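Let me begin by presenting the structure, written as structure tokens, before commenting on it.
The values are calculated or read from the model by the stated rules, or taken from the named source; none is laboratory data. Source: prediction; values computed, not measured. All Cβ positions, glycine included, derive from the backbone under ideal geometry; neighbour counts span all protein chains shown. Only protein heavy atoms, including side chains, enter the accessible area calculation; ligands, DNA and RNA are left aside. Shrake-Rupley method; radii C 1.70, N 1.55, O 1.52, S 1.80 Å.
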Amino acid sequence: MVANMSRMNVIDWLLDSDPAIRWQVMRDLLDADPEEVEAERARVATEGWGAQILAAQDPDGRWSGGTFSPEWISTMDALHTLYLFGLDPNSEEARKAIAPVHEAARWEYDNDLRFWQGEVEPCINGRVVAIGAYFGQDVKGIVDRLLTEQMADGGWNCEQERGSTRGSFDTTLNVLEGLLEYERQTGADRALTEARERGEEYLLQRHLLHRLSDGEIGQKRWLYVGFPNKWFYDIVRVLDYFRAARPKPDDRMTEGLDIVNSKRLPDGRWPLDHAYHDQLLVDFGDREGEPSRWITLRGMRILRWAGRLEEAPAASAASAP
């Protein structure tokens, strides 16, 4: 590992990668010309990881023969990964891939439910909304359902049907990501915006990590940063959401920002703390404990948004997995 790698050397390392990462580095870290960014983004459909996932689509329009399962390589996971890659939804490749999904990918929970109708758990439906809104599909029915499922504390919880009366960090973040993408694609709606802001406040009241009851960190795994996340919450994922949702940080994000900063290695990169998956449709080249381009991209753009990118990494006992 190279010690004391300069910021530009880290960026060069990020650029020496896949189009899915390069175009986001150009947009979020380099403020590159929008035409150059879009030209790089267009390559996601035809080169590297994006092209590999598109090529893995089954003849019937699904991936790996299932909708939610097998986990990490299913239709749900393939589409969510393409969404995170920023596959151009107007590209011929995207339109061709999306066209058969609604009819072909029936939810294992209920085979009568088509893909863009969503499932029953809000942690799943939040991601379906994000994917569907991004790729121009009608997911209003899911959005309307999610708005009725918001709990009194402002959060959402997949255990609601089993009696839970309190929000969940994991579920709430999945729903917020979906609602934010839906707003981006369809325009502001008062009820939707108010619900999203209440969900954000649920997390901020807890300083992104802590239970209200005793002030303790709810689950230590929230400190173990991974990619891809599926439904799992972590401190980098939630701060990357707020970076996308707000022009500047809230003071209640300070601890989280300190933790993200503390996770930087001496050479300026971020490691993959934990790989939640057993297998993926593509190999990102990330290994636990080693520098990860995805985590480094997210970490750098979070700290840049917070005006803290030039700070030295800070030690924090809370950040160690």
How much area per residue is accessible in the chain when the probe is 1.4 Å and only protein heavy atoms are counted (Å²)?
-> 43
Distances over 17 Å make up what percent of all Cα-Cα pairs in segment 1-109?
-> 57
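Could you give the dipole magnitude of the chain about its Cα centre, charging the beta-carbon of Lys and Arg +1 and that of Asp and Glu -1, in debye to the nearest 20?
Dipole size: approximately 540 debye.
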Computed over segment 169-321: relative contact order in percent, which uses C-alpha pairs under 8 Å that are six or more apart = 24
Proximal charge balance of LEU203 [Cβ under 15 Å; K/R count +1, D/E count -1] | -2
When DSSP assigns beta bridges and you keep just the ones with both residues in the chain, what percent turn out antiparallel, to the nearest 5?
-> 90
Euclidean distance between Cα centres, segment 1-64 to segment 65-128, Å = 21
Using just the C-alpha positions of the chain as equal point scatterers, what log10 of I(q)/I(0) does the Debye formula give at each q in 0.10 1/Å?
-> -0.56
Summed side-chain charge close to GLY167 - residues other than GLY167 whose Cβ falls under 13 Å, Lys, Arg +1, Asp, Glu -1 = -2
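Run lengths n ≥ 4 of DSSP H only: what is the helix-derived mean residue ellipticity at 222 nm for the chain, with -39500 (n - 2.57) per run over all residues, to the nearest 500?
-14000 deg cm²/dmol
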Averaged over every viewing direction, what's the projected area of the C-alpha convex hull for segment 166-230? Give it in nm², one decimal, please.
-> 5.1
Rounded to the nearest whole number, the Stokes-Einstein translational diffusion coefficient of segment 197-306 at 4 °C and 1.567 mPa s (Kirkwood radius, C-alpha pairs) in µm²/s is 89
What percent do you get for the relative contact order of the chain when only Cα pairs under 8 Å and 6+ apart count?
-> 16
Note, PHE135: beta-carbon cut-off 12 Å, +1 each Lys/Arg, -1 each Asp/Glu, net -2
